[in-house]
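Just below is one structure, and these are the notes that go with it.
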Amino acid sequence: MNTESAAPEKNTGVIRSLARIMPYAGPDMKRLILGMGIALISSGFALGIPLALEQLVDGPLKNGNPADIWWAVGLVAVLGLMEALFIYLRRVTVLTPGTRIDSRLRNAIYDHLQNLPIAFHDKWQSGQLLSRANSDVSLMRRWMSFGFVLLVSNAITIVFGVVILFTWSPLLALVFLVCSIPMFVFGSRFRSRYTGLSRAAQDQWGDVATSVEESVHGIRVLRSFGRGSDALSSFADRAATGRQLEVVKGNAKATLGFWLVWVPDFALAICLLTGVWLASEGDLTTGQFFAFFATAAVLAGPIESIGYLMALALEAHSGLNRIFEVLDRRNDIVNPDNPVTPADTGGSLIFEDVHFRHEGTPAGTPDLLNGVTLEIRPGETMALVGSTGCGKTTLTALPARLYDVTAGRILLDGVDVRSLDLTTLRTRIAMAFEDATLFSDTVRNNVLLGRHDLRDAPDEQATAVLEQALDIAEANFVYTLPHGVDTIIGEQGQSLSGGQRQRLALARAIAAAPEVLVLDDPLSALDVETEARVEAALRRVLKTTTALVVAHRPSTVMLADRVALLDKGRIAAVGTHAELLASSDAYRHVISSLDDEPRELPEDSA
Amino acid sequence: MSTFGVVGEDRQDLNRKENRRIRQRSISLLWDVVRPYRARFLTTIVLVIVSTALQVVGPTLIARGFDTGLPAAVDDNNFVPILFIVLGFVLSGVGAAAFLALYTRWSITISQDVLGELRRRIFAHTQRLSLEFHERYTSGRIIARQTSDIDTLGELLSGGLSSLASGILFLLFTAIALVAIDPISGIPLAVAMIPVAAVTWWFSNASRREFRASRIYSTRLIIQFVESMTGIRAVKSFRREPVDREAYADKVEDYRYATKRTIEVYGIYDPALKLIGSLTVATVLLLGAFRVVDGGLAVGALLAVVLYTRRFFGPIENLAMFYNSFQSASAALEKISGFLEEQPSVVEPRNPAPFVATRGDLSLESVSFAYNPESLVLPTFSLAIKGGETVALVGATGAGKSTLAKIIARFYDPTDGVVTLDGRDLRTISDIDLRNAITLVTQEAYLFSGSVADNIRMGKPNATDDELVAAARSVGAHEFISALPDGYDTDVNKRGNRLSAGQRQLVSFCRAFIANPRVLILDEATASLDIPSERLIQHGLTTLLAGRTAIIIAHRLSTVAIADRVLVMDGGRIIEDGPTAELLKGTGRFATLHRAWRDSLV
């Protein structure tokens, strides 16, 4: 009656994949099993009630002894009380484990997602991830603490119940069983059909979540172009597909319910007929007959519930598969087994024949970075220049191992970055991105994000670092915010302009006081005057810090000691700004805006 | 404190009055979305009635079997009565099952339609709400409304509603059948209703509190999840993982505790009902047994009575389950209805006359803007921009340039004063007409999942492929797009196709180009471009802006060069305003800025 007995050979898949939850159940599994035991005991009490009834009908009711009636009814009452008590105990027992497994899974998914490389996040939208980390996990909780326990205990109850039916009358029980066969057949058909449906629906809702997420994050674009209604209709289409899947799922469940209701009734009817015949032959006492039906009535509940529980099991199964699709994703950017501590900490950064191609780039396309060789000496500032989309940003993401090189190597102070401890590596290299991500936290915590060492340091020290960084990044506007540096910013706080966000991100990179500073076009949103001031201040910092700065403007290039020109995946030229201007046409093309531009502004503004 | 809209969304300590208001709001929302389906809803109720009636017949027939069929067969060897009874039993069973299945099908369709309607409403409302709202309301919250809150409601509608309808009817029919067989057995049943009501009242209050907490914590969990996943680069490079992990684990624990409490409350309620049920069965049995001994009641009738009493408490537990998911769903509905109650601060006009921009004359009359009374962002000013004019807005970050741009694009309404386009107040123009007339392109070039072509078509959904290519050529994006693995059909989210910030900006330029608005506002739209791309765009811009009203905010003064007129802003005020060439010749702010910029170029 449970999934196991319905189709053993195909079921190993469901059972085996559901068993993968075990490591997350840990010590709580014992309590779940205890819960099953308790559930069984409560079913036992429920099944005991018909036994007591039989005693009553065949005993006191026949001989009319009132004292015996009291005893028998008292027994029924006690059995009922015990049943309720054990239901309560079952709930208490499985309560904590169920929610704990839920938390463990949630934390495990979150941790794993945080550790997975950027390459993974590039192709998974957070809506799909959320539906796995949230909806699917909740589904697992319901399954583990409710469905699993009940399915097992109901299945056992049914088996025991059938055994008891046999003790009342083997023939009647056999009739009952044989008549129930269609249920098994249909149950197995349902199983194979529902598995695919449930998976498809879950994926669809993940896509719907993605639609929602995009419509919120892209709200400005939608608003600008007045495309809200288009977004709505494409969202509605996706939701309609989801709805359709749910309806088909519901219909499958309805059909299963149909079989689970009429077949037992049919079996009972045949039993009634057979029972009457047996009684007329004198092979069955009224009490036994009575008890047979009372037992069958106790079984009706579990049998009907099997349909719901089976559907839940199948949904949990596909939900868990979805969860494990994420958890099984191997993280290939991990700590080395034996991290090397470099002898020198001057901050020299060397790219040696570095290649990089994104996973899944079609064959035949050359690597995005196709043999980059570049040496940045300790304390040197290197500007990186190249045309849009040539791989500058990717190159800057490699030293801190946001991506790993696909060939070649990057040396920090003479040591391959892959041999360094990841935390150490990312402490020594700080980055500021063009799209400045700020977290929903105070200005102070956002700026001091990279300074874990300051968390336990005296307040003055942290404040000093904070003030200095804000000063250099020209981010003193924060003092005019409602709560100064304690103002909450980010998505859940004060909204800031693009330039303001960028300056805070820059302050964050500076506050991290790294040996190597990687800046990806960090001043693009700043106005000329602010930019000039930031640059002046940055120069002081860069004097002693190794830096790789992606530059789009001559003004940013001026920060650098040398400039590297990235072209067609390679470093085409390295030298000072003046040298390259003189020697490289490509460089002039990329950096100099004067040549092609109208030298004079339109004289008359007609 | 108020409970209007999303205010106080995180509060758990609502007083009686606030509770009632929020509950009322939720229920009226639920009624509002269910109402269109009430005819179908009634039909399903009929199906349930029939199915339930047929199911209730079962025990009666078994009782008849015992009391009539059995003696006839045993004593008279007459199998006719029992055959009829068995036939009736089979028919009622099949009929009950068929109607039940039919009902399940119908109700799933209705509940999915209701959920779909709610999803649609939330989505549409999200799009309707002003930017100002979105700037303070986290995206994670909206996602939570659309995912976990809707899921919770779905559990109620798909599972709960059927247990409600069938539960109540089952209860009713069973009670009637019971009383019909043996009125005396009805007495313990009636008495049992008193403790049932008492525990239900307790459960109602306790579970509402716990479910509300559970919703709040679930939302917090989602907010952090979305925030970390969208900001994963920064998380990694600044080693925020441990901090985030702890924070998330704390939130998970809060949520776990809240969930645990909700289950705990139900875990007391459910066995309590079971207990009452068992005691009632025992009482009915006791009363019946003595009467059987006295000959006042047939054994079969006793069996039926006992079966009915037991069955009576079955649906009560179903009702408990329904009530449980109802409490859970109404906590979710409270949040959803609060969100839907929010009013956009930028309101669409009621019956707008159609509008097509002609000249593109913009005029701001005595306009001022403040987010709140304490902080005035733009003090009162007036400004007229002639149709076809290209105006550059220059000034330090935070000078108010973007705010001005947003007011002209009607992302915000001015606190005071009027903005008109071709003499028509922006507030009287329908959103569609307004967006066709005015387009704002920002620095943040958001790409939606889908192909590059899909993203460009945001500007003009029915654009032909040729138009796409033409637009891309004009802004200098054609070359890089053609070089992508699938050209214009390249999926922007597919592995390895991630576009750089500059490329995204080029795509967003294509959008604006193809949209072909009368008024174009570029807010730092070229910031991430390198010089060659900017140069390409510069050429495109000249054609793009020809004959169009344009407002350009740019720090790169090269872009400003193509402007006819420059406005220099400082501290929310326009401090210089004049033809570009004239200002350049002078000694003002712009001239100084421009010289500094000139010097910065090589």
Quantify how strongly other chains surround peptide B:217-230 by giving the mean number of their Cβ atoms within 10 Å of each of its Cβ atoms. 5
What is the order of B:K460, B:K585, B:K236, B:K401, fewest Cβ neighbours within 10 Å to most? B:K585, B:K460, B:K236, B:K401
Where labels lie 7 Å past Cα in the beta-carbon direction, separation of B:K386 and A:E375 in nm: 6.2
Under a crude label model (7 Å from the Cα following the beta-carbon direction), how far is A:N115 from B:V347 in nanometres? 5.4
Can you tally the net charge around A:A432? Count Lys and Arg as +1, Asp and Glu as -1, for every other residue whose Cβ sits under 12 Å from the Cβ of A:A432. 0
Taking beta carbons within 10 Å but only from partner chains, what does the mean come to for residues A:252-265? 6
Under the Karplus curve 6.51 cos²θ - 1.76 cosθ + 1.60, θ = phi - 60°, whole-Hz ³J(HN,Hα) for segment B:307-322, x wherever Gly or Pro sits: 4, 5, 4, 4, 5, 4, 7, x, x, 4, 5, 4, 4, 4, 5, 4
Once the Cα atoms of helix A:228-281 and of chain A are each reduced to a long axis, what angle between those two axes, in degrees from 0 to 90 to the nearest 10, is obtained? 20
Quick one: if you stick a label point 7 Å off each Cα along the C-beta vector at B:I268 and A:D328, how many nm between them? 4.4
Degrees separating the helix B:16-34 axis from the principal Cα axis of chain B, which is the longest one: 90
Cα-based shape type of segment A:147-187, given that a ≥ b ≥ c are square roots of the gyration tensor eigenvalues and the cut on a/c is 1.5: oblate
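Sort B:R208, A:R533 so the one with the fewest other Cβ atoms within 10 Å of its own Cβ comes first.
Details: B:R208 19, A:R533 14.
So the residues, fewest neighbours to most, are A:R533, B:R208.
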Taking a ≥ b ≥ c as the square roots of the eigenvalues of the Cα gyration tensor, with a/c under 1.5 meaning rounded and otherwise prolate when a/b exceeds b/c and oblate if not, segment B:16-341 is prolate
Counting only helical runs of four or more DSSP H residues, what would the 222 nm mean residue ellipticity of the protein assembly as shown come to if each run contributes -39,500 (n - 2.57) and the total is spread over all its residues? -21000 deg cm²/dmol
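Would you mind classifying chain B by shape? Square roots of the alpha carbon gyration tensor eigenvalues, ordered a ≥ b ≥ c; an a/c under 1.5 is rounded, otherwise it is prolate if a/b is larger than b/c and oblate if not.
Prolate shape, in that a/c is at least 1.5 and a/b is the bigger ratio.
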FRET efficiency for B:S375 and A:K30 from the Cβ-Cβ distance with R0 = 60 Å, rounded to 0.05, comes out at 0.50
Within the set B:K335/B:K401; B:K251/B:K406; B:K406/B:K460, which residue pairs have Cα atoms separated by over 26 Å? B:K335/B:K401; B:K251/B:K406
For peptides A:506-514, A:301-309, sequence by mean Cβ density within 10 Å, most packed first: A:506-514, A:301-309
Go through segment B:515-532 residue by residue and turn each phi into a ³J(HN,Hα) via Karplus (6.51, -1.76, 1.60, θ = phi - 60°); whole Hz please, and just put x for glycine and proline. 5, 6, x, 6, 10, 10, 10, 10, 9, 6, 6, 10, 4, 8, 7, 7, 5, x
Would you mind calculating the relative contact order of chain B from Cα pairs under 8 angstrom and at least 6 residues apart, reporting the percent as a whole number? 15
Which cross-chain or sequence-distant (5 or more) residues have an amide H under 5 Å from the amide H of A:V563, H modelled 1.01 Å from N in plane? A:A383, A:G575, A:T576, A:H577
Please list the three semi-axes, largest first and in whole Å, of the ellipsoid equivalent to segment A:349-591, using sqrt of 5 times the eigenvalues of its alpha carbon gyration tensor. 31, 20, 17
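Applying a 10 Å radius around every beta-carbon, put A:211-222, A:558-569 in order of their mean neighbour count, most first.
Top of the packing list down: A:211-222, A:558-569.
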Amide H neighbours of A:V518 under 5 Å, at least 5 residues apart or on other chains, H built in the peptide plane: list them. A:A430, A:M431, A:A432, A:L548
Projected onto the charge dipole of the protein assembly as shown (unit charges on the beta-carbon of Lys, Arg, Asp and Glu, signs +1, +1, -1, -1), the Cα from B:T200, A:V247, B:G277 with the largest positive-side position is that of B:G277
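Could you order peptides A:253-261, B:340-348, A:374-382 by the average number of other Cβ atoms within 10 Å of their residues, highest first?
Working: A:253-261: 22.3, B:340-348: 15.1, A:374-382: 18.6.
Put in order of decreasing packing, that is A:253-261, A:374-382, B:340-348.
Quote the Stokes-Einstein diffusion coefficient, in whole µm² s⁻¹, for segment B:362-600, based on the Kirkwood radius over alpha carbon pairs, a temperature of 10 °C and a viscosity of 1.306 mPa s. All intermediate terms of the calculation are to be shown ahead of the outcome.
On the way: Rh = 18.6 Å.
The diffusion coefficient I find is 86 µm²/s.
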Order of B:D254, A:D136 - criterion: other Cβ atoms within 10 Å of each residue's Cβ, fewest first: B:D254, A:D136
Suppose every K and R has +1 on its Cβ and every D and E has -1 on its Cβ; what is the size of the dipole of segment A:301-356 about the Cα centre, in Debye to the nearest 20? 260
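What does the net charge come to around B:A301 if you take all other residues with beta carbon closer than 14 Å to its beta carbon, with K and R at +1 and D and E at -1?
After counting each charged neighbour, the total is -1.
Per-residue Cβ counts within 10 Å, from other chains only, averaged over B:532-543: what number is that? Present the calculation step by step, with values, prior to reporting the outcome.
On the way: counts 10, 5, 5, 6, 2, 0, 4, 1, 0, 0, 1, 0.
Mean shielding count: 3.
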Collect residues whose amide H, placed 1.01 Å from N in the peptide plane, falls under 5 Å from the amide H of B:L393; neighbours closer than 5 in sequence don't count. B:I552, B:I553, B:A554, B:L567
Going Cα to Cα from A:K543, which lysines come in below 27 Å? Please leave out same-chain ones fewer than 8 positions away. A:K392, B:K236
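Throughout, read-outs are computed from the coordinates displayed, never taken from laboratory work. Quick caveat: nothing in here was measured; it's all calculated off a predicted structure. A quick note on method: Cβ atoms are made from the backbone with ideal geometry, for glycine too, and the neighbour counts reach across all protein chains shown.
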